[in-house]
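The values are calculated or read from the model by the stated rules, or taken from the named source; none is laboratory data. Quick caveat: nothing in here was measured; it's all calculated off a predicted structure. In this analysis, Cβ positions are derived from the backbone assuming ideal geometry, glycine residues included, and neighbour counts consider all displayed protein chains. Heads up: the accessible areas ignore ligands, DNA and RNA and are worked out on the full protein's heavy atoms, side chains in. Shrake-Rupley method; radii C 1.70, N 1.55, O 1.52, S 1.80 Å.
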Amino acid sequence: MIIDKIKKDFQIFKNNPNLIYLDSAATSLTPDLVVDTMNDYYYNYNANISRGVYKLSEIATDKYEQAREKVAKFIGASSSQIIFTSGTTASINTIAFGLMRKISKDSKIAITASEHHSNFVPWQRLVSKDRLSIIKLNKNGYIDLEDFKEKITSKTSLLTISHVSNVLGTINPIKKLVNIAKQINPEIIVIVDGAQSTPHMSIDIQDLDCDFFVFSAHKMCGPTGVGVIYGKKELLEQLTPMFSGGNMTDKVSFTETTFTQIPQKLEAGTPNIAGVIGLGAAVEYLKNIGLDNIKTHEAELLLYTQQKLYKTFGNDIIIFGPSNIKDRSGVLSFTFKNYHPHDIASILDSYSNICVRAGNHCAMPLHTNVLCVVATTRISFYIYNTEYDVDKLIEGLKEVKKILK
Amino acid sequence: MSIYQEHILEHYHNPCNNKILDNATNSESATNSTCGDKIRIDIILNNNIISDVSFSGEGCAISQATASMLTEKIKGEHIDVLKKMTKDDILSLLGITLSHTRLKCALLSLEVAQKSILN
Ligand SMILES: Cc1ncc(COP(=O)(O)O)c(C=O)c1O
């Protein structure tokens, strides 16, 4: 991968020449190609989809449906299994609402201790607390397999789990976990939150064999406001639509309405047309770079960072999550002495123009109950990051130490 | 301009009134949920005069330094002085401007102190 060339794909680096962006787990930067593709819609064929019989609307509809095909191919699904939403949060809420009637009153939902609030609160809201089984993590940030096997029983109707933790970076062995869960209860529905995996590694949905898989466009070079639900067909068909209205109906009368087929059934109203088409461009862009190249690049950066942090700061730095690089994605959360992460992030920003995230990263139970710290500082990598960025980070952290003592 | 000015760091490293008052007449605490800052304020009121005040808890340099400055400012004052304090008073104590997110850190101790004298 030639990073200098990749950086040229992003106007933002031209406009902010000294920008060191280490917060791609929150949102990735957007390549010009994606912005241009979206502008193309507004400049040249701005029309609503699936309604007009005129040319512009047909072009818009075609491009929108082509994006669905591109996204489907990107994860190894067929296009009727792809539903567009406004993001991972919307995807998970749509599934939770859609399954509400299907989940029997005495069944349980299993979830891990490291979930993002997006994949936690919707489930917590759905069932009473004695029906939510929290699967433990061990000290190094891996799912505790023994606890996993204990918490999943024949009464567990649903398992929801992130592919990659947005705090620890742990890559969970989804295929294996799905397999174990289905052996215990063949009826279990497994939902995978792929918000942090899809941007960074090649996804083969057939191989993972989960029932639902969700992710956000804005973390993978696409725009904000677009997300995806992949689902097995018979399950997608069973989801009660969270939204009803235009574009999802078959026959509407004053007394009764019937719905159309998936995917349209779950996409009521006018979608983010330009955004979806932008996501189509983003997946092509990532495919051209190569997902395996991206993964390798991030692993190299991660190793470099880990070594540099320990070498420079020794025991002043505590890094959370697996120490074995092959088990983690390009996310690294740490504490630095007793410095508050907000101070670290503010100083890195104001002195060195480095963007990092500080806080609990929408994973408060994980911080409070597992890591036992109120907050961490998080850096996360993507295709445009280099060792130079890491060197700058180290310099910046030295400055933090000088200021906060 | 960096928000980590000399006088702010001085308060952060050597905070004033950083303790718990066992005989407080008024106490209140709160947390800032985005970053987990925790502040507790203890006040001893004597005929509506703040005869002693302290803060405790943990948080970033901005929240700790502000709490220190605030307690220094209101000690010995009538409670009306505290009641009337606003965001702008805190910013002029600090002598810096703050972004939206960091403003929350700076205002936490004032919110807690004002809440403690509500009843
Ligand atoms: C693991 C994980 N799940 C869910 C989300 C929520 O995604 P969004 O904010 O795009 O809905 C995020 C992103 O913040 C995440 O990292």
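The charge dipole of segment A:103-223, taken about its Cα centre with unit charges on the Cβ of Lys, Arg, Asp and Glu (plus for the first two, minus for the last two), comes to roughly 300 debye. On the principal axes of its alpha carbon atoms, segment A:233-382 extends 70, 38, 33 Å, with the longest extent given first. If R0 equals 30 Å, the separation of the Cβ atoms of B:H78 and A:S350 corresponds to a calculated FRET efficiency of about 0.20.
Charged neighbours of B:L21, selected by a Cβ distance under 12 Å, balance to 0 (K, R count +1; D, E count -1).
Please work out whether segment A:135-203 counts as rounded, prolate or oblate from its C-alpha gyration tensor, where a ≥ b ≥ c are the square roots of the eigenvalues and a/c under 1.5 means rounded, while otherwise a/b larger than b/c means prolate and anything else oblate? Cα axes put segment A:135-203 in the oblate bin. Annotation for A:N324 and A:E387: the two label points, set 7 Å from Cα along the Cα-Cβ direction, are 2.6 nm apart.
Scalar couplings 3J(HN,Hα) for segment A:149-157, obtained by applying the Karplus form with A = 6.51, B = -1.76, C = 1.60 to θ = phi - 60°, are 5, 7, 6, 8, 10, 5, 8, 7, 8 Hz; x denotes Gly and Pro. Fully extending the segment from A:Q183 to A:L132, taken as 0.36 nm per residue of separation minus the present Cα-Cα distance, adds 16.3 nm. Accessible surface buried by the B/A pair amounts to about 1200 Å², both sides summed, 1.4 Å probe.
Each Lys and Arg contributes +1 and each Asp and Glu -1, all at the Cβ; summed about the Cα centre of the protein assembly as shown, the dipole is approximately 580 debye.
How would you classify segment A:143-247 from its alpha-carbon gyration tensor, with a ≥ b ≥ c the square roots of the eigenvalues: rounded for a/c under 1.5, else prolate if a/b is greater than b/c, otherwise oblate? Oblate. When the charge dipole of segment B:3-118 is built from unit charges on Cβ atoms (+1 for Lys and Arg, -1 for Asp and Glu) and taken about the Cα centre, the candidate among B:Y4, B:T86, B:S54 whose Cα reaches farthest toward its positive end is B:T86.
The charge dipole of chain B, taken about its Cα centre with unit charges on the Cβ atoms of Lys, Arg (+1), Asp and Glu (-1) only, comes to about 260 debye. In a shell of Cβ-Cβ distance under 10 Å around B:Q64, excluding B:Q64 itself, what net charge do Lys and Arg (+1) and Asp and Glu (-1) give? With Lys, Arg at +1 and Asp, Glu at -1, the neighbours total -3. With the charge dipole of segment A:297-405 set up from +1 on Lys and Arg Cβ and -1 on Asp and Glu Cβ about the Cα centre, the Cα lying farthest toward the positive end among the listed residues A:Y304, A:V373, A:F320 is that of A:V373.
Short-range pairs are left out: with C-alpha atoms under 8 Å and at least six residues apart, the relative contact order of chain A is 23 percent. Compute the Cα gyration tensor for segment A:34-288, then decide on rounded, prolate or oblate, letting a ≥ b ≥ c be the square roots of its eigenvalues: rounded whenever a/c is under 1.5, prolate when a/b is larger than b/c in the other cases, and oblate in all that remain. Oblate. Computed over segment A:220-260, the convex hull of the alpha-carbon atoms projects to a mean area of 4.3 nm². For the protein assembly as shown, taking Cα atoms only, Rg and Dmax work out to 25.8, 80 Å respectively.
Eigen-decomposition of the gyration tensor built on the alpha-carbon atoms of segment A:10-99 gives equivalent ellipsoid semi-axes of 28, 23, 12 angstrom, largest listed first. The residues packed around A:S128, meaning those with a beta-carbon under 15 Å from its beta-carbon, carry a net charge of +4 if Lys and Arg are +1 and Asp and Glu are -1. Here, segment B:3-118 is characterised by an Rg to Rh ratio of 0.94, where Rg is the alpha-carbon radius of gyration and Rh the Kirkwood radius. Projecting the Cα atoms of A:L29, A:L19, A:Y43 onto the charge dipole of segment A:1-44, computed from C-beta unit charges around the Cα centre, puts A:L19 farthest toward the positive end.
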